[in-house]
Every structure is written in C-alpha cells, then in structure tokens.
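The values are calculated or read from the model by the stated rules, or taken from the named source; none is laboratory data. Everything numeric here is computed off the predicted structure, so don't read it as measured data. In this analysis, Cβ positions are derived from the backbone assuming ideal geometry, glycine residues included, and neighbour counts consider all displayed protein chains.
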Amino acid sequence: MEKVYDLIIIGAGPGGISAAIYAKRAMLDFLFLEKWLPGGEIANTYEVENYPGLNNVSGAELADKFVEHAKELGVEIQMESVDRVDFKNEIKKVVTDRGTYLSKTVIIATGASARKVGVPGEEELSGRGVSYCAVCDGALFRGKTVAVVGGGDVAVEDAIYLSRLAKKVYIIHRRDQLRAAKRYQEKMFELANVEPIWDSVVTKFNGDEFLKSVTVKNVKTNELKDLELDGVFVAIGMDPNIDFLGNELELTEGNWIKTDAMLETSSPGVFAVGDVRNTPLRQIVTSVADGALALTALQKYL
C-alpha cells in the first residue's frame, strides 16, 4: 500500500515553518515540501523592524533563524516543486517533480511573488537592469541612478535601502501621495538623494542588452518623458503562488485562497496560511500565527 501521511505542508516560508514546528511537537507524520529557498520571501528583506523580540534584524537572518529552529526539532525540508494537486477525495494527492504523495490533510503555505508592471521591455530586460528585489541586486548599482516603482511599504523600504548605495533614487508612483506607513515615509523624505515622481506610471522599459531608460507617463497630463536609469526596482504588490492549484479550491478576488476563521479552505482537510490566502494583512507575524492556528484546527480535523 502507498504511504499516507498525516499532513503535507507545501511551502517553507514563515507560515509553513510555524506549522511544521507545531506538527513536529504534535508528533504528526508529515512531509514538508519547498521548491526554492527555505525561509521564504523574507530572505529578500533588508531589515525587519516589526517582529516582536527581534528589533532591527535582517530578513535573511530571521529566515535563517526560522529554518534553524525547525531543523533543531528534527524537521526535514524536502526540496521538490509541486506540479499539481487533487483534493477531491478524503485522501489528498500532491504530485511533485519527483513523485506523488498521499496525505489526510494539506497546508498550503506557498506565499506570493512580486507583481510585474506588464509593459513592453520588462521581460526582455529582466535581470538586465529590471529587478524585483532591491536587497538581492542593489549592490550592482552602487554609485548609479535607479528608480523604484510603487508607493507601498516595500517600495519605500527599497528606496531607503537603495539610497545607501545609489547616487540617485527616484520613486515613481501613480498617485500624489504614498501608501506606505508614515514612519517609512518620514525616513525616506529625509534623504537628499531620493526624489519622488508623482502621478506617473512606467509605460515602457528601454534598452538593448541592458536597461537605459524608462518611459514615464503622467496620468493627469498624459505627458510622456524618458528617464535615464541604470536600474529599476519594481515593488507594486504581490500575486499568490498558486500555479499548481488548478481549480481545486475556491478563490477570492485577486486569486487569493479563500479560508474560514480556522484557515480551512473550500476542501475539507486542506488549509492555507500566510500570504497566499485572503488575509487583510500580509506580514511575517501574521503568517507565523496562521501556521499555528491551522495546525491546531488540522489536529481536530484528524
């Protein structure tokens, strides 16, 4: 007979790791799958200021602490990419690039990825001046001129970080005020080498082998202008990582996985935690809490 796990956790970000820690303490027989980097997107965050008890810790350091904690408890993270799932029956099926696994329950903790602008030149110049991770690629633009596209917390954090490396940083935002937390805004506006470009959107990324400029459109006047840049960092939000999901679960607007108060999805025995679900706040602390809550609900289901 094929082995049937108590639980399969898909995704080793903060939510998945939290669930794994609780699953290990509950002595469940579970499989923990991650396709890329254990620790999740927080590894790309320069500085985390709002995680209780760890003031001013880097995202990479916090991600490492999460992974170390899990491994010290004996949690094993298996590096496999999930291709598809089947949640129609009581026993759930998870198909990866290496095999097929069966489980009584599943926790989806696959998070979200950076949203793209979706204009000409973006795909061609991705990795050639167009980036979605300031912490990963910022050092490549030391002493150069760059721009950040966006107006939320991540965009402003990126602008602050890049100001320490680049000669000049523009922040391009479609409105005349930022959406970021006031604390971040105050820090950014104090920086002499950061300049906002209000009421504007990027309509084209220009360059041959590497980015040379972006075409910016003022949404109020429709005026177009080319802004010469060495690099652009896109920070306009996230989309859920659900390519493997098919039509197995009910989704909300924006394709976030719909969950109830106990984080159970439309399929009994399948739970979703962290950034991939319909949540009013996508933060490390909420993902960690989700993992604990889902595991508690899952034990009652079992």
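Annotations
- Residues being closer than 17 Å to Gly59 by Cβ, modelled with pLDDT of 95 or more and of a type in the set (Ser, Thr, Tyr) - total across segment 132-164: 1
Condition check ((1) closer than 22 Å to Ser163 by Cβ; (2) in contact with a Phe, Trp or Tyr (Cβ under 9 Å, 6 or more places away or on another chain); (3) at pLDDT 95 or above; (4) in the same structural domain as Gly151 (by TED's automatic domain parsing)) across all residues:
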position	(1), (2), (3), (4)
Trp198	yes, no, yes, yes
Thr203	no, no, yes, yes
Glu209	no, no, no, yes
Thr221	no, no, yes, yes
Asp226	no, no, yes, yes
Leu229	yes, yes, yes, yes
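- Residue in segment 170-188 that is part of a helix (DSSP H, G or I), modelled with pLDDT of 95 or more and among the polar types (S, T, N, Q) present: yes
- Some residue of segment 23-36 being closer than 30 Å to Val201 by Cβ, crowded, with 21+ Cβ neighbours inside 10 Å and within 17 Å of the chain's Cα centre (by Cα): no
- Candidates Ala109, Ala134: the one that is in the same structural domain as Ser18 (by TED's automatic domain parsing), under 17 Å from the mean Cα position of the chain (by Cα) and surrounded by 21 or more Cβ atoms within 10 Å (Cβ to Cβ) is Ala109.
- Qualifying residue in segment 64-82 (condition: in the same structural domain as Thr286 (by TED's automatic domain parsing), among the aliphatic types (A, V, I, L, M) and touching a Ser or Thr at 6+ places or on another chain (Cβ under 7 Å)): yes
- One residue alone among Ile172, Ile242, Ile236 is within 30 Å of Ile8 (Cα to Cα) and either crowded, with 16+ Cβ neighbours inside 10 Å or touching a residue at least 40 places away in the same chain (Cβ under 8 Å) (or both), and that residue is Ile242.
- From the options Asp208, Asp158, residue that is free of Cβ contacts under 8 Å to residues at least 12 places away in the same chain and under 25 Å from Gly127 (Cβ atoms): Asp208
- Only listed residue being in a strand (DSSP E or B) and either assigned by TED's automatic domain parsing to the domain that holds Thr96 or of a type in the set (A, V, I, L, M) (or both), chosen from Val156, Val216: Val216
- Answer from Ile77, Ile17 - the residue that is surrounded by fewer than 21 Cβ atoms within 10 Å (Cβ to Cβ), touching a Phe, Trp or Tyr at 6+ places or on another chain (Cβ under 7 Å), at pLDDT 95 or above and among the β-branched types (Val, Ile, Thr): Ile77
- Residue under evaluation Asp226, criteria (1) outside any strand (DSSP E or B); (2) exposed (fewer than 14 other Cβ atoms within 10 Å of the Cβ), criterion not met: (1)
- Candidates Gly16, Gly11, Gly39, Gly53 - the one that is closer than 17 Å to Thr286 by Cβ, within 16 Å of the chain's Cα centre (by Cα) and free of Cβ contacts under 8 Å to residues at least 40 places away in the same chain: Gly39
- Residue count for segment 222-268, restricted to those that are among the small types (Gly, Ala, Ser) and in contact with a helix residue (DSSP H, G or I) (Cβ under 8 Å, 6 or more places away or on another chain): 2
- Restricting segment 37-57 to residues that are farther than 22 Å from Arg277 by Cα and acidic (Asp, Glu), the residue that is surrounded by the fewest Cβ atoms within 10 Å (Cβ to Cβ) is Glu49.
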